[in-house]
Amino acid sequence: MSDVTADRDGTRCVRAGLPEAVPGEPFLPGPVFAAPYHLDPWAGPAGAPNGYGRSDNPTRRLLEAAIGELEGGDCRVLSSGQAAITGLLMSVLRPGDTVVLPADGYFSVRAFATETLAGIGVRVLFVPTVGPYPDLSGVRLVFVETPANPGLDVVDVRALAARARAAGALLAVDNTTATPLGQRPLELGADLVVASGTKALTGHSDLLLGYVASRSVEVLAAVTGWRDHTGAIPGAFDAWLAHRSLATLDLRLARQTENASALVRMLAGQPRVTGLRWPGRPEDPAYPVAVAQMRRMPGVLSFDLGDADRVARFVDAARLVAAATSFGGLHTTADRRAQWGDDTSPGFVRLSCGVEDTTDLVADVAAALRAAG
Ligand SMILES: Cc1ncc(COP(=O)(O)O)c(C=O)c1O
């Protein structure tokens, strides 16, 4: 056994969750498609690790081992990011509890809070990602999204974790935009990580996935029970695709960050581009906290083109920018968030950098801006 340290990001991604090498077997075993499994007629379900597909699937377990290794906790995968977030909220919160949620985060979480949580007697406080956070005494769960989608503000996780712990509250961090290579909330003191694996984590725009990661046995048991009872599981093929895609996370993020950095430099000099945001830009209000707690910057940035028509002209003129929601994929995409009901101005664009060559992408975006007038 070599004593060389093999724990850098690229190495960790390539090896995460893989079983021990066995001659004649593949590196990543293929997806196991099963609803029921054969049972031992005498021992029943206790006699084997797999009894029924809703609770047990070896492909899913390998993916959970991989994400858990990267996040630094144990992991449960669910059928989408939204399934993971709502599953976490419903597992942890009870009528009479108070939860703090981001006022400027992913809009479906706010909709779930007002339409479902409030209806079962949970008190919901919406707080902007940058704060100020209220007195947390009596709060059961503080849930933050950092960097927040789509505004890209960040919150100091270490400081908030200390405040939550002192008040007896749990802290959950939505790590979708950063990914576990960009930030490790459990090491920063959070109790829970929750994320959409649909975005940069898997990065190929071909599946939906969510996960919860934690070092708390009780919370994970509650989430596992919730998943078993609601059936919010990813299928075996999606779990296998996700695991295969995870191996290139380090490479994909490296290019996405490089592209974001180059685009931000170009966009900063454009007179008709306002409100440019990227946590990796030294002039950005999020920069000081972002560089202190993040390991790398995301490939997502945002800016304002003034009005909806100008955004449409820009995207139409671009060869390398597709109009699409979601983010973190191989292809560069632009999303005008107001069309989904986000509280953003009509010309606000969230741009997600893909892995195209940086020179090509910058030239294409610059030409499309010129064409948009
Ligand atoms: C920050 C964040 N969290 C959660 C979600 C929900 O993820 P999914 O679409 O996989 O359900 C999204 C989706 O855009 C998101 O941006």
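The values are calculated or read from the model by the stated rules, or taken from the named source; none is laboratory data. Predicted model only: the values in this text are computed from it and were never measured. Ideal geometry is used to build each Cβ from the backbone, glycine not excepted, and the neighbour counts take in all protein chains shown.
Tabulated data
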| quantity | calculated |
| --- | --- |
| Subset of the range 202-221 (residues that are aliphatic (A, V, I, L, M) and either near the ligand (Cβ under 10 Å from one of its atoms) or surrounded by fewer than 17 Cβ atoms within 10 Å (Cβ to Cβ) (or both)) | Leu207, Leu208, Leu209, Val217, Ala221 |
| Residue, surrounded by the most Cβ atoms within 10 Å (Cβ to Cβ), within the range 91-107, restricted to residues that are touching a helix residue (DSSP H, G or I) at 6+ places or on another chain (Cβ under 6 Å) and closer than 17 Å to Val212 by Cα | Leu101 |
| Unique residue being part of a loop (DSSP other than H, G, I, E, B), within 11 Å of the ligand (Cβ to nearest atom) and either modelled with pLDDT of 95 or more or of a type outside the set (Asp, Glu) (or both) when the list is Pro185, Pro147, Pro132 | Pro147 |
| Residue satisfying all of: in the range 222-252; more than 16 Å from the ligand (Cβ to nearest atom) and hydroxyl-bearing (Ser, Thr, Tyr); nearest to Leu351 (Cα to Cα) among these | Thr248 |
| For Thr11: the one exception among (1) surrounded by fewer than 17 Cβ atoms within 10 Å (Cβ to Cβ); (2) in a loop (DSSP other than H, G, I, E, B) | (2) |
| Residue pairs meeting the criteria (Cβ under 6 Å; at least 6 apart or on separate chains; first assigned to a helix (DSSP H, G or I), in the range 110-126; second β-branched (Val, Ile, Thr)) | Phe112/Thr86; Ala113/Val124; Leu117/Val124; Ala118/Val124 |
| Scan of the range 289-319 for residues that are surrounded by fewer than 18 Cβ atoms within 10 Å (Cβ to Cβ) and touching an Asp or Glu at 6+ places or on another chain (Cβ under 6 Å), ordered by number | Arg319 |
| Options Leu78, Leu18, Leu63: the member that is under 20 Å from Leu249 (Cα atoms) and in contact with a His (Cβ under 6 Å, 6 or more places away or on another chain) | Leu63 |
| Any chance Ala323 is surrounded by fewer than 22 Cβ atoms within 10 Å (Cβ to Cβ), within 16 Å of the ligand (Cβ to nearest atom) and modelled with pLDDT of 95 or more | yes |
| Filter result for the condition that a residue is surrounded by fewer than 24 Cβ atoms within 10 Å (Cβ to Cβ), out of contact with any Leu (no Cβ under 8 Å at 6 or more places or on another chain) and on the phi > 0 side of the Ramachandran plot, over Gly189, Gly231 | Gly231 |
| Pair list, Cβ under 6 Å, 6 or more apart: the range 141-170 residue over 19 Å from Leu125 (Cβ atoms), other residue of a type in the set (S, T, N, Q) and within 16 Å of the ligand (Cβ to nearest atom) | Pro147/Thr177; Asn149/Thr177; Pro150/Ser302; Leu152/Ser302; Val154/Thr146 |
| Any hit, the range 24-47, residues being surrounded by fewer than 18 Cβ atoms within 10 Å (Cβ to Cβ) and within 16 Å of the ligand (Cβ to nearest atom) | no |
| Evaluation of Ser91 against (1) of a type in the set (Gly, Ala, Ser); (2) in a helix (DSSP H, G or I); (3) within 16 Å of the ligand (Cβ to nearest atom) (one fails), failing number | (3) |
| Residues being more than 23 Å from Val223 (Cα to Cα) and not in a helix (DSSP H, G or I) - total across the range 34-65 | 8 |
| Residue satisfying condition, being under 26 Å from Arg277 (Cβ atoms), crowded, with 22+ Cβ neighbours inside 10 Å, of a type in the set (Ser, Thr, Tyr) and within 11 Å of the ligand (Cβ to nearest atom), within set Thr176, Thr86 | Thr176 |
| Lone qualifier among Gly328, Gly341 - being under 30 Å from Leu160 (Cβ atoms), surrounded by 16 or more Cβ atoms within 10 Å (Cβ to Cβ) and under 24 Å from the mean Cα position of the chain (by Cα) | Gly328 |
| Every residue from the range 159-182 that is part of a loop (DSSP other than H, G, I, E, B) and over 18 Å from Gly81 (Cα atoms) | Gly168, Ala169 |
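Per-residue answers, yes or no, for (1) touching a residue at least 24 places away in the same chain (Cβ under 8 Å); (2) part of a loop (DSSP other than H, G, I, E, B); (3) among the hydrophobic types (A, V, I, L, M, F, W, C); (4) touching a helix residue (DSSP H, G or I) at 6+ places or on another chain (Cβ under 8 Å):
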residue: Phe314; (1), (2), (3), (4): yes, no, yes, yes
residue: Thr325; (1), (2), (3), (4): no, yes, no, yes
residue: Gly329; (1), (2), (3), (4): yes, yes, no, no
residue: Asp342; (1), (2), (3), (4): yes, yes, no, yes
residue: Pro346; (1), (2), (3), (4): yes, yes, no, yes
residue: Arg350; (1), (2), (3), (4): yes, no, no, yes
residue: Val362; (1), (2), (3), (4): yes, no, yes, yes
residue: Leu369; (1), (2), (3), (4): yes, no, yes, yes
